[in-house]
Amino acid sequence: MSKLYFIFILLILISCSSSQQSANNVDVQIIGMAINEKELNVMRDILLKNGFNSKINMLPDYASFVGQLDANNYDIAINSWNTVTGNPDYAVRSLFISDGDHNHSKISNEKLDNLIEKASTENLEDSKTTYNDIEKVIIDENAYIIPLYNRVKTQAFNKRVLDENTVNIYKAASLNISEMSFIDESKNETNPLYVSQTLSTLTSLDPIKGNDGSINMINNQMYIRIVNLTTNDQITTRDSLSYNYAIAQGNKDYYFILRDDVYFAKVENRQAVNTGERVGASDVVFSLNRAKDRNSVPNHRTYSLHSSMERISIVTDINELKNAKTENSDVYTELSQNLPAPITSLTSVSSQANNKNGVYQVVKVTTIKPFPQVLNYLAHQSAGIVSEKQIKKVNTYKVENYDPKNDIAYGDESTITEGASYNNTLVVSGQYIAIYKNDYEILLERNPAFMKDTIYYPNIKTLTIKFIRDLDASVSALRSGDIYILYDIIPDKLKVIESDSNLLLQKIPSNALIFAFINMSDGHITSDVNIRKAILYSIDQNAFIAVNDNYGYRAYTTISPLIDTGNILNQDRDKVKEYLKAYEENK
């Protein structure tokens, strides 16, 4: 036998062996968006080396991605989760509790439900053990998700245009436009602030009907809340409707003393105008009640965030404040700090509030059980205060009979879209209001009656958000001066930005986990826990971090950025073989 013939036969045998190995691999379908192309490719390659054949379906945008989720056309879906409220309960409740509003995998686990509820009542130190147990149920016992890595949060801005002392990066929350100012302050009244976002189809401008990248930045500007988050996820009343808040002993009653210098804005002749209607306690009660009521609107996407609240009420008896003890003093004393005038009386009528004369409004939130993390949820954009009067005027349909083809709900993007459908019915309580939208941009204008004559009155009058789907094009727009600030930058462009003398790059560890959730529906191979665990232990997180230029760090679950439980996922190919063997034996 010639040497050449021997090599030819050997190559045939190797090819046959490889084909046989591929034929024996387990088939899985992976979906994800174009922005996660790198993660999709790494996932495919890793799984191929560990006994899986991966078919990738890369979707162009979020709407297409959700469509495939709803159609059940996937085994593994790569997505991200950002704990924008900065608290660990949000990191698990919506995703993993039975019937959670982002529980796409339809997880129903009584043990997990009980642990989530237990952790929610504990203080941060005591909850670490419970959250450790939660992670073990999610990962070790069931492999409900496949953690890939935690992202570094980034944003960059043109330091020749914007005053760098006014541009902050928030660990959890979105951009706070109202803080920003041009270096040349005279331009604040005449020049738009140009920013961008990838998604042009807006879920809803009703704050309780959207919780995604299409509207988070927009609704964050348009609706005031009774508390906010600082840059490092601490609760603050800065920029909020409250002067102060106080927590009564027992962690079930939360009191908020309201400002009287915030008014609703509406749009007339394509300009923001003051409605003359004060944002008051009755609007807070109305807004939070509809936020926690799953059936208050069709397609309610944020109800689980607010399910801890039992009752929202207006306090009119000063003695209640004095008699309610806090950890260090009493509610009256804590609410009285640094007010325009001492509290002389309380009123339930917003028009009668007069802070300079000591007349205030106080709202009390009572939770079903002790739940300190309720404050973080009240800082979320879905707890934004809406106008009771306007919501009732626009939403005349019955929720159970809602027909999206015929019923126009408050916040529908069609009402602000240029053309025949334009009929802007927005009434907002926040710093800005959306004036119009088209295929290219959405323009917002400053609320002229938002804390006028205070440091919280927005500096820049006009905000233009350009819709730039391509992330490379967004970076080019920043560098060319077409936009002035870019939020959430793709890692392979960060070095380019750092080298640009006109730009300043800001970085901070984020609360965002890139992960894969699993389709556990009947008929999908991933409904088998052995397959899920085989996929889990195939993962090399360092490979995902490396393709993102090391702008990331290892993670175990969505809890990882918030609490260090000490849990780590390590690739283990022996376990992969063990679980694949168990799957074959149990078929």
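Here are the numbers:
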read-out	value
Surrounding net charge for residue 133, when Lys and Arg each add one and Asp and Glu each subtract one, Cβ distance under 13 Å	-3
Across 159/461; 153/364; 209/398; 292/393, pairs whose alpha-carbon gap is larger than 24 Å	153/364
Computed accessible area, residue 70, all protein chains, 1.4 angstrom probe, square angstrom	120
Of 77, 105, 91, farthest towards positive along the dipole that unit charges on Lys, Arg, Asp, Glu beta carbons give segment 51-202	77
For residue 585, solvent-accessible area (1.4 Å; no DNA, RNA or ligand), Å²	120
Stretch gain in nm, segment residue 508-residue 230, where the contour uses 0.36 nm per residue and the Cα spacing is subtracted	98.7 nm
Cβ-based net charge around residue 260, under 10 Å, with every Lys or Arg adding one and every Asp or Glu removing one	+2
Value of [θ]222 nm, deg cm²/dmol, for the chain, DSSP H segments ≥ 4, -39500 (n - 2.57) each, nearest 500	-8000 deg cm²/dmol
Proximal aspartates and glutamates relative to residue 38, as straight alpha-carbon distance under 12 Å, when same-chain residues fewer than 8 apart are discounted	492, 549
Mean Cα-pair separation over length for the chain, i.e. relative contact order, pairs under 8 Å, 6 or more apart, %	24
Per residue, in Å², the accessible surface of the chain once ligands and nucleic acids are set aside, probe 1.4 Å	42
Computed magnitude of the charge dipole of the chain (debye, nearest 20; Cβ of K, R +1, Cβ of D, E -1)	200
Accessible surface, 1.4 Å probe, highest first, among residues 317, 212	317, 212
Length-normalised contact order of segment 217-328 in % [C-alpha pairs under 8 Å, at least 6 apart]	17
Listed residue (119, 534, 420) projecting farthest to the positive dipole end of the chain, Cβ model	420
Neighbour net charge for residue 325 - beta-carbon separation under 14 angstrom, K R +1, D E -1	-3
Extension gain from residue 66 to residue 352, taking 0.36 nm per residue of separation minus the Cα-Cα distance	98.3 nm
Accessible surface, 1.4 Å probe, highest first, among residues 62, 410	62, 410
Under-5 Å amide H pairs with residue 410, H placed in peptide plane, nonlocal only	395
Lys, Arg +1 and Asp, Glu -1 on Cβ, resulting dipole of segment 92-186 about Cα centre, debye, nearest 20	380
Charge dipole (debye, nearest 20) of segment 434-537; +1 at Cβ of Lys and Arg, -1 at Cβ of Asp and Glu	240
Rounded to 10°, Cα long-axis angle of helix 281-292 versus longest principal axis of the chain	20
Whole-Hz ³J(HN,Hα) from phi, Karplus 6.51 cos²θ - 1.76 cosθ + 1.60, for segment 97-112, glycine and proline x	6, 3, 6, x, 6, 10, 7, 5, 7, 6, 5, 9, 9, 4, 4, 5
With Cα atoms, 0 to 90° folded angle of helix 471-480 axis to the chain main axis	50
Distant-in-sequence amide H partners of residue 435 (H built 1.01 Å from N, under 5 Å)	443, 444, 445
Sulfur and carbon atoms: percent of accessible area, the chain [1.4 Å]	45
Trypsin sites (Lys or Arg not before Pro) within segment 135-235: DSSP coil, no more than 10 neighbouring Cβ in 10 Å	none
Largest to smallest accessible area among 44, 294 [probe 1.4 Å]	294, 44
In Å², nearest 10: area of residue 262 left accessible to a 1.4 Å probe	0
Dipole axis of the chain (+1 Lys, Arg; -1 Asp, Glu on Cβ), positive-most option in 237, 196, 379	196
Helix 3-24 vs. the chain, principal-axis angle (Cα, 0 to 90°, nearest 10)	40
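The values are calculated or read from the model by the stated rules, or taken from the named source; none is laboratory data. What you see is a predicted model, and the numbers here were worked out from it, not measured in a lab. As a convention, Cβ positions derive from the backbone with ideal geometry for all residues, glycine included, and neighbour counts pool all protein chains shown. The protein model used for the area step is the full one, side chains on, heavy atoms only, and it has no ligands, DNA or RNA in it. Shrake-Rupley method; radii C 1.70, N 1.55, O 1.52, S 1.80 Å.
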